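Encoded as structure tokens, the structure appears first; notes follow it.
The values are calculated or read from the model by the stated rules, or taken from the named source; none is laboratory data. Just so you know, these numbers come straight off a predicted model, no measurement behind them. Glycine also receives a Cβ, built like all others from the backbone with ideal geometry; neighbour counts cover every protein chain displayed. Heavy atoms of the whole protein, side chains included, go into the accessibility calculation; ligands, DNA and RNA do not. Shrake-Rupley method; radii C 1.70, N 1.55, O 1.52, S 1.80 Å.
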Protein chains: 2
Amino acid sequence: MAARNAFYAQSGGVTAVVNATAAGVIETARRHKSRIRQVYAGRNGIIGALTEDLIDTGRESAAAIRALKTTPAGAFGSCRYKLASFEKDPRQYERLIEVFRAHDIGYFFYNGGNGSADTCLKVSQLSQRLGYPLVAVHVPKTVDNDLAVTDCCPGFGSVAKYVATSMREAAFDVASMAKTSTRVFVLEVMGRHAGWIAAAVGLADDESTPIPLLLLFPEIAFDQTAFLAAVDAKVKQHGYCCVGVSEGLKNADGKLLAEAGTTDAFGHAQLGGVGPLVANLIKDKLGQKYHWAVADYLQRAARHLASKTDLDQAYAVGKAAVDLAVAGKNAVMPAIVRVSDAPYRWKIGVAPLDQVANVEKHMPRDYITPDGFGITAKARKYLSPLIRGEAFPPFRDGLPRYVRLKNVAVPRKLATEFKL
Amino acid sequence: MAARNAFYAQSGGVTAVVNATAAGVIETARRHKSRIRQVYAGRNGIIGALTEDLIDTGRESAAAIRALKTTPAGAFGSCRYKLASFEKDPRQYERLIEVFRAHDIGYFFYNGGNGSADTCLKVSQLSQRLGYPLVAVHVPKTVDNDLAVTDCCPGFGSVAKYVATSMREAAFDVASMAKTSTRVFVLEVMGRHAGWIAAAVGLADDESTPIPLLLLFPEIAFDQTAFLAAVDAKVKQHGYCCVGVSEGLKNADGKLLAEAGTTDAFGHAQLGGVGPLVANLIKDKLGQKYHWAVADYLQRAARHLASKTDLDQAYAVGKAAVDLAVAGKNAVMPAIVRVSDAPYRWKIGVAPLDQVANVEKHMPRDYITPDGFGITAKARKYLSPLIRGEAFPPFRDGLPRYVRLKNVAVPRKLATEFKL
């Protein structure tokens with residue numbers, strides 16, 4: 001079988017370690033020269049395939065590809081662009097095959113979350129449907145940690161480590177100031193639908209370092225009275241209180257608190273997310289001085305504080321994806337399998353893509369304490385290994401040294417343009 | 001001369017390295033046993049002295065004191081509490097002397113910013129005024145970097161490293177997403193009166209890693225039209241734009257933007273600080289998708305990313321304070337003296353307290369580019385050495401391991417209570 005080219009694309013929100021997955025794909029492909037000629041990356045994800053804007057990763061040095069392991073975000077550009085179904089819009093799929101054919105793409109690696117898994121599944125079916133030989137492998141990536149089958153998702157462990165560390169540090173700060181100043185600190189974290197990241201904030205508080213901490217999950221409808229009573233009790237007992245709130249916090253009607261608050265009764269826009277909203281509530285109702293932070297992109301881009309476990313897994317799924325592809329496994333995703341909790345051990349397994357595509361893994365209710373404001377021992381057992389280990393990037397002049405690739409375009413072969 | 005006790009207190013907002021200064025004070029005092037019997041720390045700063053709530057640091061092990069070097073925030077508690085002048089309220093000063101006399105305090109170390117320097121100066125004058133022998137030494141600490149005489153302030157370098165790193169990381173994220181999603185990222189940083197921290201954000205963008213970055217300083221009145229034009233130009237040229245905004249940004253009337261925006265024309269409260277405000281403006285006027293982050297306490301508590309230079313200086317001023325005190329130098333502050341820029345070398349000098357108390361060091365105008373949105377080469381030369389070097393704390397189970405002291409109270413000797 002002659003060697004063919006591979007296509008790799010990053011999809012959706014980026015992470016601190018998705019480039020490590022890219023390194024896993026590219027370095028492994030380079031060891032399979034007899035099967036994979038070059039890895040072409042999509043510039044800005046799948047858009048690069050549709051517009052025939054391919055990046056020749058063969059133009060990057062081994063050192064540059066290695067440096068991807070210590071560089072956050074998406075080195076080739078990502079995108080938020082969902083392909084419609086084949087039935088609805090066959091044009092897009094025909095275009096993909098047109099581009100793949102022109103560049104002899106035999107392997108398709110799609111690095112994303114569950115929406116991307118669905119796209120990858122559709123692409124995996126093109127081979128039969130359009131008579132074009134292609135092996136499609138999805139590579140897991142999402143800070144939301146909501147992919148099915150896999151025990152956890154590359155990208156999540158590093159966010160988890162960042163938010164837990166940040167909350168612990170802020171808690172030490174608030175504790176110092178509480179006598180005369182700030183008594184409540186609110187940290188807003190990501191997670192529109194699932195509270196995995198909010199749960200990770202809970203790791204800040206452990207046996208060695210107890211912290212008066214309350215968590216607000218998207219899974220638990222916001223009960224203002226119960227929450228304020230809980231804050232009040234913590235402040236009375238400990239002198240201060242920390243709150244980790246998920247951006248996806250909803251009220252009893254299932255409406256996002258942040259959105260419910262975006263306009264007032266007169267239609268005036270309200271700035272800020274749910275973090276400042278909750279902080280303001282505490283000031284209004286309890287009269288406590290507060291500070292709030294919204295970590296936003298800082299949390300998912302924080303390569304300087306990546307989890308070594310997460311990094312290793314991110315690389316491993318990239319490597320496994322190539323191994324699966326050259327073995328001819330179509331429509332699959334390498335998954336992380338937890339072998340044991342203590343000591344934590346994991347291996348790479350294989351998930352059929354139709355079990356992953358568009359399935360959202362929710363946080364089990366028994367990961368959240370009965371009162372809805374904390375995490376259980378079961379949650380700790382699950383979460384704790386994922387943040388373990390440090391993998392600092394190289395620093396120069398006090399700042400992390402991140403790589404920027406050359407991202408040289410593969411010469412176009414098609415005369416046709418494609419309109420997105 | 002018989003050994004006497006020392007009093008040490010942390011004052012005002014805490015930092016990632018103020019505990020390293022405490023370690024410098026305590027470890028050095030322990031080497032001067034013939035002069036300093038014990039170091040008593042004020043619980044919650046000067047309030048601990050007024051209420052006779054003293055902490056016996058002699059009850060802490062050498063390992064615990066050493067661990068202060070890697071622990072953020074104020075291990076003994078800090079406070080925001082400013083003593084009035086002696087003329088206005090002699091009662092407070094008389095009380096201080098009453099407590100000091102009861103506990104044979106012969107050395108007073110006050111660890112804070114320029115307000116605290118003023119308090120320390122007043123205390124230094126008590127010796128003569130009230131006939132009580134006392135040596136008072138101020139120990140510099142402020143993330144605001146606005147103390148006079150000293151080249152820089154312990155605490156600042158670590159915040160600077162944190163905000164520059166965070167902006168660089170977020171910039172990589174935005175660059176990845178800009179094709180279809182976020183094009184503008186806004187990071188709000190601390191700095192009510194001086195733009196030192198905003199200037200440090202500028203270090204994210206350098207020759208090795210250029211970033212389309214605009215800065216908004218408290219020193220430069222916000223010019224909405226010029227700013228929006230600058231954002232628009234960056235997005236057009238680079239596809240995205242990053243903005244670092246100081247919480248102290250003011251409009252042409254000298255009013256804080258964040259406060260100007262706290263209520264709308266109908267008197268409805270607006271949540272959020274200047275970061276979301278600027279981000280919203282960009283969306284409204286330019287129609288660009290945005291993300292914003294407010295780092296708040298995360299930036300000044302981020303011991304996990306402390307600057308080694310800052311840490312070394314924080315320890316050195318603590319050590320020097322004790323050396324000055326046992327040499328009988330009253331009403332002084334150890335200052336950091338820059339010996340050379342390249343290679344960066346510094347030493348400890350001595351500042352007379354009356355040159356420091358209540359003086360605010362502003363950022364020179366020639367540190368800001370003529371357009372008001374960036375930093376000059378001169379600013380870089382000053383700032384760059386301050387963030388150099390890493391000094392990671394110990395980690396356990398994936399999280400930084402920070403010490404909590406026993407903070408055992410010194411038995412009270414006075415029957416009198418003091419009302420704050």
Log entry, pairs with first residue in the stretch A:41-65 being open to solvent by 10 Å² or more (accessible area, probe 1.4 Å), second being among the aromatic types (Phe, Trp, Tyr) and at pLDDT below 95, beta carbons closer than 6 Å, six or more apart or on different chains, reads A:THR51/A:PHE418
With criteria (1) surrounded by fewer than 24 Cβ atoms within 10 Å (Cβ to Cβ); (2) in a strand (DSSP E or B); (3) of a type outside the set (Val, Ile, Thr), A:PHE109 comes up short on (1)
All conditions in (1) in contact with a helix residue (DSSP H, G or I) (Cβ under 8 Å, 6 or more places away or on another chain); (2) away from chain B (no Cβ under 14 Å) are true of A:ALA295 except (2)
**Asked** Is the stretch A:311-330 home to any residue that is touching a residue at least 40 places away in the same chain (Cβ under 8 Å), more than 27 Å from A:ALA164 (Cβ to Cβ) and of a type in the set (Asp, Glu)?
**Response** yes
Scanning the stretch B:21-63 for residues that are hydrophobic (A, V, I, L, M, F, W, C), farther than 18 Å from B:GLY113 by Cα and assigned to a strand (DSSP E or B) gives B:ILE36, B:VAL39, B:LEU54, B:ILE55
Within the stretch B:171-191, the residues that are without any contact (Cβ under 8 Å) to a residue 60 or more places away in the chain and more than 8 Å from chain A (Cβ to nearest Cβ) are B:GLY191
Residue set A:LYS347, A:LYS381; condition within 24 Å of the chain's Cα centre (by Cα), of a type in the set (Lys, Arg) and within 14 Å of chain B (Cβ to nearest Cβ); output residue A:LYS381
From the option list A:ALA306, A:ALA301, single residue qualifying as in contact (Cβ under 8 Å) with a residue 40 or more places away in the chain, at the interface with chain B (Cβ under 10 Å from one of its Cβ atoms), hydrophobic (A, V, I, L, M, F, W, C) and within 24 Å of B:VAL163 (Cα to Cα) is A:ALA301
Looking across the stretch B:15-63 at residues that are among the β-branched types (Val, Ile, Thr) and in contact with an Asp or Glu (Cβ under 9 Å, 6 or more places away or on another chain), the single one that is farthest from B:MET1 (Cα to Cα) is B:THR15
Just wondering, is there one or more residues in the stretch A:323-341 that are within 14 Å of chain B (Cβ to nearest Cβ) and open to solvent by 20 Å² or more (accessible area, probe 1.4 Å)?
yes
The residue from A:ILE47, A:ILE55, A:ILE97 that alone is touching a Cys at 6+ places or on another chain (Cβ under 7 Å) and either within 14 Å of another protein chain (Cβ to nearest Cβ) or more than 18 Å from A:LYS319 (Cα to Cα) (or both) is A:ILE47
Quick check on A:ALA314: is it buried (at least 19 other Cβ atoms within 10 Å of the Cβ) and away from every other protein chain (no Cβ under 11 Å)? yes
Note on the stretch A:192-208: residues within 20 Å of A:GLU390 (Cα to Cα), surrounded by fewer than 24 Cβ atoms within 10 Å (Cβ to Cβ) and more than 8 Å from every other protein chain (Cβ to nearest Cβ) are A:ASP205
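On the basis of being touching a Leu at 6+ places or on another chain (Cβ under 7 Å) and among the hydrophobic types (A, V, I, L, M, F, W, C), does A:LEU420 make the cut?
yes
Residue check: is B:GLU60 farther than 30 Å from B:ARG401 by Cα, more than 14 Å from chain A (Cβ to nearest Cβ) and not aromatic (Phe, Trp, Tyr)?
no
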Considering residues that are part of a strand (DSSP E or B) and either touching a residue at least 60 places away in the same chain (Cβ under 8 Å) or open to solvent by less than 80 Å² (accessible area, probe 1.4 Å) (or both), the number found within the stretch B:342-353 is 5
Within the stretch A:120-150, residues open to solvent by less than 30 Å² (accessible area, probe 1.4 Å) and assigned to a loop (DSSP other than H, G, I, E, B) come out as A:TYR132, A:LEU134, A:LYS141, A:THR142, A:VAL143, A:ASN145, A:ASP146, A:LEU147, A:ALA148, A:THR150
Of the residues in the stretch B:271-293 that are touching a Leu at 6+ places or on another chain (Cβ under 8 Å) and part of a strand (DSSP E or B), the one that is least open to solvent (accessible area, probe 1.4 Å) is B:ALA293
Among residues of the stretch A:354-387 being farther than 26 Å from A:SER208 by Cβ and acidic (Asp, Glu), the residue surrounded by the most Cβ atoms within 10 Å (Cβ to Cβ) is A:ASP354
Yes or no: B:THR165 at the interface with chain A (Cβ under 10 Å from one of its Cβ atoms), open to solvent by less than 10 Å² (accessible area, probe 1.4 Å) and at pLDDT below 95? no
Residues of the stretch A:1-35 being more than 14 Å from chain B (Cβ to nearest Cβ) and either crowded, with 24+ Cβ neighbours inside 10 Å or within 23 Å of A:SER307 (Cα to Cα) (or both), in sequence order, are A:ALA6, A:PHE7, A:TYR8, A:ALA23, A:GLY24, A:VAL25, A:ILE26, A:GLU27, A:THR28, A:ALA29
Among the residues of the stretch B:71-98, the number that are free of Cβ contacts under 8 Å to residues at least 24 places away in the same chain and not in a helix (DSSP H, G or I) is 4
- Among the residues of the stretch A:213-227, is any within 14 Å of another protein chain (Cβ to nearest Cβ), open to solvent by less than 50 Å² (accessible area, probe 1.4 Å) and under 21 Å from A:ARG183 (Cα atoms)? yes
A:TYR297 vs (1) at pLDDT below 95; (2) surrounded by 18 or more Cβ atoms within 10 Å (Cβ to Cβ): all pass except (1)
message = I'd like to check something: does the stretch A:135-147 contain any residue that is more than 14 Å from chain B (Cβ to nearest Cβ), of a type in the set (Val, Ile, Thr), touching a Leu at 6+ places or on another chain (Cβ under 7 Å) and farther than 25 Å from B:LEU68 by Cα?
response = yes
Filter the stretch A:396-420 for residues that are buried (at least 18 other Cβ atoms within 10 Å of the Cβ) and within 14 Å of chain B (Cβ to nearest Cβ); the one that is nearest to A:HIS304 (Cα to Cα) is A:PRO400
